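Heads up: the structure comes next, in structure tokens.
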Amino acid sequence: MQVVNTVKQLQKQISVATASKRKVGFVPTMGALHNGHLSLVKQAADECDIVVVSIFVNPTQFNNSKDLERYPRDLQTDLDALSTVKCDFVFAPAVDEVYPEEDNRQFNFGALETVMEGQYRPGHFNGVAQVVSRLFDMVKPDKAFFGLKDFQQLAIIRAMTKQLELSVEVVPCAIVREEDGLAMSSRNTLLSQAQRKNAPLIARTLFESCNFVPDTSVEGVKKQVIDTINTDTELDVEYFEIVDGYTLQPVDNWNESEYIVGCIAVFAGEIRLIDNVTYKL
Ligand code: PAF
């Protein structure tokens, strides 16, 4: 595994490795790696010949400076984790390397970005699109791997690759959970003991809510999920939306779409956790 910090080094190394037309798999991350990330890296290694992982905490996607400040950073621990799987190159650039000049591009993802995360984190997806398009341009991957936990991010990245006519294949990867069901997230390490103990209620409630579909109305399931989680003193639902899995627009009934997903954001103190469940596919 080689660690490179500049685009020049990265492209030199990759061009040597891909001289014989081998497929490059790319896993963009912001570090603080956990088994969810490692499962993406493993999938990349299964489907591609060369695996590149980027570790870059992208300032343009944080709409809250406190969140950016406290985002966990520990490169050596991340490298140790990556050394347990097949990873050929780690790209860990400085901010100036990714943004030698300010990126003023404004993407337009229409209705995809006005709901859920887009509504509560204005500018977030524009920042994600900026950095991911830059990283794609630097790495030039054949396939890029993203976790389904960030359900809306995946839709945005797909829309971005379409808009920019990029040839990279965006591969969705299953959510990886802790034994108690909590979706793995770098933010889980920031939870207090009490918050960590109670946070699995989010996934449990989502899974249980599947039993009420389709007999209970969409509105009824929404209310049940929100009320159940909000009874917990450590948890506070920011939103729970039941949406069409392709357009991300809220549905009113279970027949409205062939693909229906429930997406949730919950505050545990100041820590924001997201998760989702597929009701219909
Ligand atoms: O999902 C993340 O960790 C980030 O949003 C990503 C895709 C690495 C872009 O910074």
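What follows draws every value from the coordinates through simple rules; no lab data is involved. On a predicted model such as this, the values are computed, not experimentally measured, just so you know. Ideal geometry is used to build each Cβ from the backbone, glycine not excepted, and the neighbour counts take in all protein chains shown.
Of all DSSP-defined beta bridges confined to the chain, some 50% are antiparallel rather than parallel.
In summary, the aspartates and glutamates within cross-link reach of residue 42, defined as a Cα separation below 13 angstrom excluding same-chain residues under 8 places away, comprise 88.
Ranked by the mean number of other Cβ atoms within 10 Å per residue, highest first, peptides 182-190, 157-165 order as 182-190, 157-165.
Report summary: the helix-based calculation at 222 nm, which adds -39500 (n - 2.57) for every DSSP H run with n ≥ 4 and divides by the residues of the chain, gives -11000 deg cm²/dmol. Could you tell me the number of lysine pairs in the range 131-281 with C-alpha atoms less than 29 Å from each other, where the two lysines are 8 or more residues apart or belong to different chains? The result is 14.
What shape does the range 155-281 have by the C-alpha gyration tensor, where a ≥ b ≥ c are the square roots of the eigenvalues, rounded means a/c under 1.5, and otherwise prolate means a/b greater than b/c and oblate the rest?
In terms of gyration-tensor shape, oblate.
Sorting 263-271, 66-74 by average packing, meaning the other beta carbons within 10 Å per residue, from highest down gives 263-271, 66-74. Candidate cross-link partners of residue 21 among the aspartates and glutamates, defined by an alpha-carbon separation under 14 Å and a same-chain spacing of 8 or more, comprise 49, 142. Rounded, prolate or oblate: which one fits the range 143-220, using the alpha carbon gyration tensor with axes a ≥ b ≥ c (rounded when a/c is under 1.5, else prolate when a/b beats b/c, else oblate)? Oblate is the answer for the range 143-220, as a/c is 1.5 or above yet b/c matches or exceeds a/b. Does the range 47-192 come out rounded, prolate or oblate by the C-alpha gyration tensor, with a ≥ b ≥ c the root eigenvalues, rounded set by a/c under 1.5 and, if not, prolate when a/b is larger than b/c and oblate if not? Taking the square roots of the gyration eigenvalues as a ≥ b ≥ c, the range 47-192 is rounded.
May I ask for the percentage of alpha-carbon pairs in the chain that lie more than 26 Å from each other?
Result: 44 percent of Cα pairs exceed 26 Å.
In percent, how large is the relative contact order of the chain, given Cα pairs closer than 8 Å and 6 or more residues apart?
On the way: 482 pairs, mean separation 48.8, N = 281.
Value for the chain: 17 percent.
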